[in-house]
1. Given a cut-off of 29 Å, name the pairs among Lys104/Lys320; Lys213/Lys341; Lys124/Lys336; Lys80/Lys124; Lys116/Lys213; Lys80/Lys341 whose C-alpha atoms lie farther apart than that in the structure shown.
2. Rounded to the nearest 20 Debye, what is the dipole magnitude of the chain about its Cα centre when Lys and Arg each give +1 and Asp and Glu each give -1 at the C-beta?
3. What percentages make up the Cα-Cα pair-distance distribution of the stretch 274-385 when the bins are 10 Å wide from 0?
4. For Ala210, what charge total do you get from the other residues with a beta carbon under 10 Å from its beta carbon, if Lys and Arg give +1 and Asp and Glu give -1?
5. Kindly state, as a whole number, the per residue volume in cubic angstrom of the convex hull around the alpha carbon atoms of the chain.
6. Pick from Ala411, Ala311, Ala267: which is most flexible by mean-square fluctuation in a GNM of the chain where alpha carbon atoms under 10 Å apart are linked?
7. With the contact rule set at Cα under 8 Å and sequence spacing of 6 or more, what percent relative contact order holds for the chain?
8. If I stretch the segment between Gln285 and Arg270 completely, what's the gain in nm (0.36 nm per residue apart, minus their alpha carbon distance), one decimal?
Amino acid sequence: MSIETKTPAERMEERSLFQMVVEQFGDAAERMGLDENMRRLLSVCQRQYTVNFPVQMDDGSIRMFEGHRVQHNIGRGPAKGGIRYHPQVNLDEVKALAMWMTWKCAVVGIPFGGAKGGVTVDPKGLSIHELENLTRRFTAEIGVLIGPHKDIPAPDVNTNAQVMAWMMDTYSMQMGYSVPGVVTGKPLNLGGSEGRVEATGRGAVFMAAAACKVLGLNLPDQRVVVQGFGNVGSVASKLIAEAGATVVGVSDVSGGYYNPKGLDIAAMIRYSRSNGSLEDYPEAQRISNDELLALPCDILIPAALEGQLTAANADAVRAKLIVEGANGPTTPEADKIFEGKGIYLVPDILANAGGVTVSYFEWVQALQAFAWTEQEVNSRLRYIMDKAFAATVASAERHNVSLRTGALITAIALVADAATVRGIYP
Ligand code: GLU
């Protein structure tokens with residue numbers, strides 16, 4: 001049975017992903033009474049760069065690929081955001097993800113603007129050599145935009161430390177010296193940070209713990225379902241299980257896996273690593289994506305792609321708490337349904353901000369050529385995320401809105417203030 005992860009277009013309830021992000025922004029802007037000029041300024045992306053580039057394949061043929069790098073807003077600092085390799089990547093999606101990065105960096109108070117990049121490709125269909133060629137040529141193509149003080153890429157869906165090493169090397173070869181600060185999420189030996197690989201999943205678990213406190217729930221008593229078993233989903237599953245909770249369902253591209261007595265996450269991670277996916281994992285019942293999202297559980301962590309929780313399936317969700325490990329997993333229609341059902345939802349721009357927060361630590365370490373310990377990284381991460389959670393709860397209460405709108409209001413206020421004090425050039 002294979003999981004049907006619907007395309008964003010099918011899931012987005014008849015609007016594009018970027019329109020959805022602008023809608024979320026407009027809703028928050030309305031609630032906070034944001035000035036009209038500022039609304040116009042912040043509802044568009046400052047720079048959108050599309051490249052079409054050739055890659056030499058192993059059989060000698062040349063294939064053309066399309067990629068994008070978008071900077072939504074760089075008012076608060078250099079542009080920051082991941083690079084994704086996925087067949088569904090398109091300019092609209094990259095713009096949406098770039099805008100979310102602006103808000104995400106502001107919510108956790110790190111000095112970056114928002115960016116995103118991606119190439120339309122299924123990397124599983126490429127050899128390692130072709131993947132390297134694609135990465136190097138794409139890096140060269142977006143070279144006019146990136147740089148340690150301009151725009152700093154990082155891993156996202158289907159990219160990892162190896163891809164970041166190739167990006168860092170390509171940029172460095174062109175500069176003539178090593179520039180570790182040009183990307184984050186690098187291998188440790190190249191100036192990567194302790195704790196970066198786990199950071200997004202770890203941050204999501206911190207947010208699950210913080211939300212449990214608000215709801216008066218004891219984390220170790222909770223049953224958890226995680227959609228997606230990539231970096232974010234697998235780490236979140238592992239860490240929440242280590243915190244004592246019972247992970248009863250997970251999914252990856254091969255389908256959903258359910259065991260009401262609890263899944264052995266460490267064994268599943270080992271299995272997925274050696275097998276390439278969870279396909280045929282024996283110690284669980286096979287279920288579909290829709291069945292997974294509707295499982296009886298307390299905490300649901302969507303950690304796959306955008307547009308997964310929609311008007312079509314939100315009613316079936318039985319969790320009390322949703323922690324968005326992915327970017328944009330919930331449509332505005334589903335948001336309303338969850339609000340109506342009293343489901344507590346920690347939004348993506350807060351719940352998955354652990355990754356970019358530790359990317360910020362990695363960038364600081366690279367600029368200073370000084371490495372922090374894993375314990376320092378994790379405790380600073382916890383401090384930042386708990387503080388952002390408390391600020392979000394306070395903002396939501398003050399404006400009588402959801403945590404999503406509360407987080408957006410905090411973020412938009414900071415970005416708008418930066419634009420105001422800097423003024424309009426010239
Ligand atoms: N791709 C991650 C995200 O969506 C991390 C971005 C970064 O570290 O710059 O937040």
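What follows is calculated from the coordinates using simple rules that are stated; it is not laboratory data. None of the values given here were measured: they were computed from a predicted structure. Positions of Cβ are generated from backbone atoms using ideal geometry, with glycine treated the same way; all protein chains shown enter the neighbour counts.
1. Cα-Cα > 29 Å for Lys124/Lys336; Lys116/Lys213; Lys80/Lys341; rest within.
2. Magnitude of the dipole: close to 960 debye.
3. Percent of Cα pairs in each bin: 13, 34, 25, 22, 7, 0.
4. +1
5. About 139 Å³ per residue, rounded to a whole number.
6. Sorting by GNM fluctuation, first place goes to Ala267.
7. Value for the chain: 17 percent.
8. Full extension from Gln285 to Arg270 adds 3.6 nm.
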